[in-house]
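Reviewing the structure listed below.
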Amino acid sequence: MNYVYILECSDGTLYTGYTNDLDKRISTHNKGKGAKYTRGRLPVKLIYFEEYDSKSEALRREFTIKKMTRQSKLHLIKNCQQL
């Protein structure tokens with residue numbers, strides 16, 4: 001399974017990423033070994049994710065979400081409340 005996820009950083013900012021192992025990736029972020037962006041904003045909290053069968057679908061969706069405004073991302077999260 002492939003995932004697109006949104007994290008809330010300790011400073012309230014949002015980070016969007018892709019992975020094929022969600023639990024491992026969140027753990028990596030919180031160990032300070034994830035994306036450069038999140039390293040100085042620990043701890044991070046998973047607030048949203050979507051599942052995809054193919055990597056290419058997930059990467060396309062990640063790109064789409066990354067282009068969204070913060071308000072649009074918050075709207076997406078609020079309307080899906082899966083966590």
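I want to confirm something. Restricting to the range 1-22 and keeping residues that are hydrophobic (A, V, I, L, M, F, W, C) and in a strand (DSSP E or B), which single residue is surrounded by the fewest Cβ atoms within 10 Å (Cβ to Cβ)?
The initial filter retains those residues of the range 1-22 that are hydrophobic (A, V, I, L, M, F, W, C), namely 1, 4, 6-7, 9, 14, 22.
Now drop any that are not in a strand (DSSP E or B), which leaves 4, 6-7, 14.
Values: Val4: 24, Ile6: 22, Leu7: 25, Leu14: 18.
Only one residue tops the list, namely Leu14.
Can you tell me which residue in the range 53-73 is farthest from Glu8 (Cα to Cα), limited to those that are surrounded by 11 or more Cβ atoms within 10 Å (Cβ to Cβ) and of a type in the set (Asp, Glu)?
Glu57
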Residue within the range 37-49 that is exposed (fewer than 15 other Cβ atoms within 10 Å of the Cβ), within 21 Å of Cys80 (Cβ to Cβ), at pLDDT 95 or above and out of contact with any helix residue (DSSP H, G or I) (no Cβ under 9 Å at 6 or more places or on another chain) present: no
Residues of the range 35-52 that turn out to be hydroxyl-bearing (Ser, Thr, Tyr) and either more than 15 Å from Glu8 (Cβ to Cβ) or not in a helix (DSSP H, G or I) (or both), as a count: 2
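The values are calculated or read from the model by the stated rules, or taken from the named source; none is laboratory data. Predicted model, so just to flag it, every value in this text is computed and none were measured. With ideal geometry, Cβ positions are generated from the backbone for all residues, glycine too; neighbour counts draw on all protein chains shown.
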